[in-house]
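See structure below.
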Amino acid sequence: MITTIVLLVSISSAILISLLIKAVRNHPYFSEAVKTYQSIQVPETPRSKGDVRRLRKYRALYRSARRRMLLLFVIHISVFSLVYTLMILVVSLIARSTQYVDIPVSIPFLSGLNTERGIYYTHIYIIALIGFAVPIYLVSRSIRLESRQPP
């Protein structure tokens, strides 16, 4: 029973992270920066006169977009950390005195075998971590920037 509740809490927190990151990224302030960052083709080190001209032309716009992208990155990390900490707190409140739970199959290097009863056991936070990692594809898909296709 506790294992199921912990899995549901951890999966829902991973989905919450995905939704929050998508909401922040779709804010006009950051979506404009993403579009600008993807549309401007400015090399880091100019190699020709054309690169120097392009760098001068787009310098302010490029710096602004870079700062916004850095802020977006910091917000992504802080949202991830806060929701993960909240998930650990909720799991610890749900499983107050229960530290270890019985599991039907062995998890290599993360579970033990109770030889008297013949069942495997693991720590409750391992179950929460596995449940949190299952929908992480949603989080990585919402963070990923789509690169422009070359003509």
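The numbers here are math on the coordinates, done by the rules we state, and not lab data. Note that the coordinates shown come from a computational prediction; the quantities given were computed from them, not determined experimentally. Cβ atoms come from the backbone with ideal geometry, glycine included; neighbour counts cover every protein chain shown.
Please work out which one of (1) of a type outside the set (Asp, Glu); (2) in contact (Cβ under 8 Å) with a residue 60 or more places away in the chain; (3) assigned to a helix (DSSP H, G or I) is the condition residue 81 fails and give its number.
Among (1) of a type outside the set (Asp, Glu); (2) in contact (Cβ under 8 Å) with a residue 60 or more places away in the chain; (3) assigned to a helix (DSSP H, G or I), the lone unmet condition for residue 81 is (2).
Within region 8-32, which residues are within 22 Å of residue 134 (Cα to Cα) and among the aliphatic types (A, V, I, L, M)?
Selection gives 8, 9, 11, 14, 15, 16, 17, 19, 20, 21, 23.
Quick check on residue 66: is it among the charged types (D, E, K, R), within 24 Å of residue 16 (Cα to Cα) and surrounded by fewer than 16 Cβ atoms within 10 Å (Cβ to Cβ)?
no
Taking residue 102, is it surrounded by 12 or more Cβ atoms within 10 Å (Cβ to Cβ), among the acidic types (Asp, Glu) and either in contact with a strand residue (DSSP E or B) (Cβ under 8 Å, 6 or more places away or on another chain) or in a loop (DSSP other than H, G, I, E, B) (or both)?
Here the answer is yes, as residue 102 does meet what is asked.
Condition first: in a helix (DSSP H, G or I) and touching a residue at least 12 places away in the same chain (Cβ under 8 Å). Now tell me which residues in region 33-58 satisfy that.
Residues satisfying the conditions are 33, 34, 36, 37, 38, 39, 54, 55, 58.
Just to verify a result, which residue in region 110-145, among those that are charged (D, E, K, R) and outside any helix (DSSP H, G or I), is surrounded by the fewest Cβ atoms within 10 Å (Cβ to Cβ)?
Here the answer is 116.
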